[in-house]
Amino acid sequence: NNVRLNIKQTDYEANTVHVAVRFGSGDLVAPVEQPGLSRLAAATFIQGGLVAHSKDEIDTLMAGKTVGASFMVEEDAFLLSGSTNPDDLDKQLSLLAAYLTAPGYREEAIRLARDSFEEMYVQIEHTMEGALRNEVARFLASGDPRFGFPAKEDLMQRTLPEVAAWLELPLRESYLEISVVGDIEPDMVKSAVARTFGALPERAAEKPALAEARVVAFPEGVEAKTFSYPSEISRAAALVYWPTDDIWDIAQTRRLGLLSEIFSDRLRVKVREAIGEAYSPYAVHRPSETFDDYGLFYSVVVTSPEVLTEINEAVVEISRSIVEEGVTEDEFDRALKPMLNSLNEWVRNNRYWLSRVLLRSQEKPAVLDWARSMRDDYANITVEELNAVAQQYLKPTAALRVQVVPETGSTSAAMVDED
């Protein structure tokens, strides 16, 4: 029936099995005329229970069993998941299959969701982190409404019938992969999946490309942007962004990731020693797996508003020194060795195998090659390769400076500091 199964048997967690069902195209197919629908779906789908049972009744029926269910709307897929043990695997799969075939969409779910949304918007509207996740995120995608959060009034207008209508086809017939990782015999998994998901009607054999939905752009022609949030607390953020690329050139992605570790090290030295700030600055590279040609290399420094411009210019100066003078062998070694050690931990972790590898390994088989090549590729990175990607992407002229500042009342942040 075109249901695809991925299995990895491990001994990393005794008597523990992780199950994930990835299907459809997620936010890529969210209706633009119904902003906030994917957030309402994520918040209500499990709490809405099943046609035959409320969420409370399901909890009662599963009492004594190690069974659970969660639902997420990701950028390019929907995800049902749960963790169990070998004895309860059948129950776990039956529950996930029931949510796939007969979700309940009960009204009590939307009441709980709207209460949580009220709290969420307080955080979005009154914290620095909220400004970063909302306004800054959307700005970095040139205003694309899929980034950040919908307007509160739009989200509060969404309904469960809208969620049900949107999810109907993906639940019933979209491309689907099940991944099972943990302390389990593969033959047992095959039999259990055959009895549950294998009994479903035929599903799509592949996913639509949705090329137009995968287009997003970094803002052009802007060198600096300031955002504010209402607060009397003198807490601000200095950020610098460079556009990069999507994840699919994995060798380049890995080198940019290692370069971000070196950048972070230089940033800590510069901010703490030269400027005297004591926060924990960092740099990171975030390539997109969903949006074509889209990625961000950026630095973050949380500090006081008075030094934001100084810090932003110091960050750009770091990029200039790396581009013009290159990475040193010493800082290369100090970044690479911990990275190689961390890889040894990653590959002995069920969550890594489930979320980073198996979850979409038939839709995107390259991820299997990534897992196989990961350690050798990192071990073979050279200083020259890091310098090459730095020269390509971290030009000072390409830097976008962003500041997030508290918008105080009659008392300025500076006066608060002096007090």
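Test of understanding: what is the full-extension gain from residue 154 to residue 268, defined as 0.36 nm times their sequence separation minus their Cα-Cα distance?
Contour length minus Cα-Cα distance gives 36.9 nm.
Given axes a ≥ b ≥ c from the Cα gyration tensor, I'd like to know whether the range 112-260 is rounded (a/c under 1.5), prolate (a/b larger than b/c) or oblate.
Cα axes put the range 112-260 in the prolate bin.
Direction-averaged shadow area of the convex hull around the Cα atoms of the range 1-125, nm²?
Directional mean of the projected Cα hull area for the range 1-125 stands at 10.0 nm².
List the residues, sorted by chain then number, that are 5 or more residues from residue 204 or on another chain and whose placed amide H is less than 5 Å from its amide H.
Amide H neighbours of residue 204, under 5 Å, 5+ apart: 174, 175.
Starting from the Cα-Cα distance between residue 195 and residue 377, subtract it from 0.36 nm times their residue separation and give me the gain in nm to one decimal.
Here the answer is 61.5 nm.
Can you tell me which of 156-164, 118-126 comes out highest on packing, and rank the rest after it, using the mean Cβ neighbours within 10 Å?
156-164, 118-126
What is the distance, in nm, between label points placed 7 Å from the Cα along the Cα-to-Cβ direction at residue 87 and at residue 11?
Output for this residue pair reads 2.2 nm.
Sum up the charges of everything whose Cβ sits under 11 Å from the Cβ of residue 402, counting Lys and Arg as +1 and Asp and Glu as -1, but leave residue 402 out.
Net of charged neighbours comes to 0.
Using only the alpha carbons, work out the radius of gyration and Dmax of the range 288-376 in angstrom.
When restricted to the Cα atoms of the range 288-376, Rg and Dmax are 18.2, 51 Å.
Please check: in the Gaussian network model of the chain (C-alpha springs, under 10 Å), which one of 325, 33, 177 has the largest mean-square fluctuation.
Highest fluctuation of the listed residues: 33.
Pairs 190/364; 152/225; 55/152; 207/395; 225/395; 91/152: which exceed 29 Å Cα-Cα?
207/395; 91/152
Test of understanding: what is the full-extension gain from residue 173 to residue 115, defined as 0.36 nm times their sequence separation minus their Cα-Cα distance?
Net length gain for the segment: 17.6 nm.
Given the peptides 12-18, 295-301, arrange them by the average over their residues of other C-beta atoms within 10 Å, most packed first.
With the highest mean Cβ count within 10 Å placed first, the list reads 295-301, 12-18.
First measure r as the distance between the Cβ atoms of residue 142 and residue 329, then evaluate 1/(1 + (r/R0)^6) with R0 = 45 Å and state the FRET efficiency to the nearest 0.05.
Efficiency computed from Cβ-Cβ geometry: 0.70.
Taking 7 Å along the Cα-to-C-beta vector as the label spot, tell me the residue 391-residue 164 distance in nanometres, rounded to one decimal.
Inter-label distance under the simple model: 6.2 nm.
Based on DSSP, what percent of beta bridges with both residues in the chain are antiparallel, to the nearest 5?
Beta bridges within the chain, antiparallel portion: roughly 75 percent.
What does the charge count around residue 55 come to, taking other residues whose C-beta lies under 11 Å from its C-beta (Lys +1, Arg +1, Asp -1, Glu -1)?
Overall, the nearby charge balance is -3.
With labels modelled as points extended 7 Å from the Cα through the Cβ direction, what inter-label distance (nm, one decimal) is found for residue 63 paired with residue 202?
Going by the 7 Å Cα→Cβ label model, 4.4 nm.
Rounded, prolate or oblate for the range 80-199? Axes are the square roots of the Cα gyration tensor eigenvalues, ordered a ≥ b ≥ c, and the cut-off for rounded is a/c under 1.5.
Taking the square roots of the gyration eigenvalues as a ≥ b ≥ c, the range 80-199 is prolate.
Expressed as a whole percent, how much of the Cα-Cα distance distribution for the range 247-300 exceeds 13 Å?
Taking all Cα-Cα pairs of the range 247-300, the fraction more than 13 Å apart is 60 percent.
In terms of modelled amide H atoms, which long-range or inter-chain residues lie less than 5 Å from the amide H of residue 402?
Answer set, sorted by chain and number: 225, 239, 240, 241.
Of the residues 393, 279, 229, which exhibits the maximal mean-square fluctuation in a Gaussian network model of the chain defined by a 10 Å Cα contact cut-off?
In the Gaussian network model the winner is 279.
Rank by packing, highest mean first: peptides 267-273, 221-227, 373-379, 250-256, with packing defined as the count of other Cβ atoms within 10 Å averaged across residues.
Ranked from most to least packed, the peptides come out as 250-256, 267-273, 373-379, 221-227.
Would you work out which of 20, 63, 194 lies farthest towards the positive end of the dipole of the chain, given +1 charges on the beta-carbon of Lys and Arg and -1 on that of Asp and Glu, about the Cα centre?
Of the listed residues, the answer is 194.
Determine the per residue accessible area of the chain with all protein chains present and a 1.4 angstrom probe, expressed in square angstrom.
46 Å²
If Lys and Arg each add +1 and Asp and Glu each add -1, what is the summed charge of the other residues whose beta carbon sits under 14 Å from the beta carbon of residue 132?
Taking every other residue near residue 132 into account, the sum is +2.
Pull out a ≥ b ≥ c, the square roots of the eigenvalues of the alpha-carbon gyration tensor of the range 233-277, then state rounded if a/c is under 1.5, prolate if not and a/b is larger than b/c, and oblate in the remaining case.
oblate
The values are calculated or read from the model by the stated rules, or taken from the named source; none is laboratory data. In this text the structure is predicted, and so the values were computed from the model without any measurement. Backbone-built Cβ (ideal geometry, glycine too); neighbour counts: all protein chains shown. Note: areas computed on protein heavy atoms with side chains; ligands, DNA, RNA excluded. Shrake-Rupley method; radii C 1.70, N 1.55, O 1.52, S 1.80 Å.
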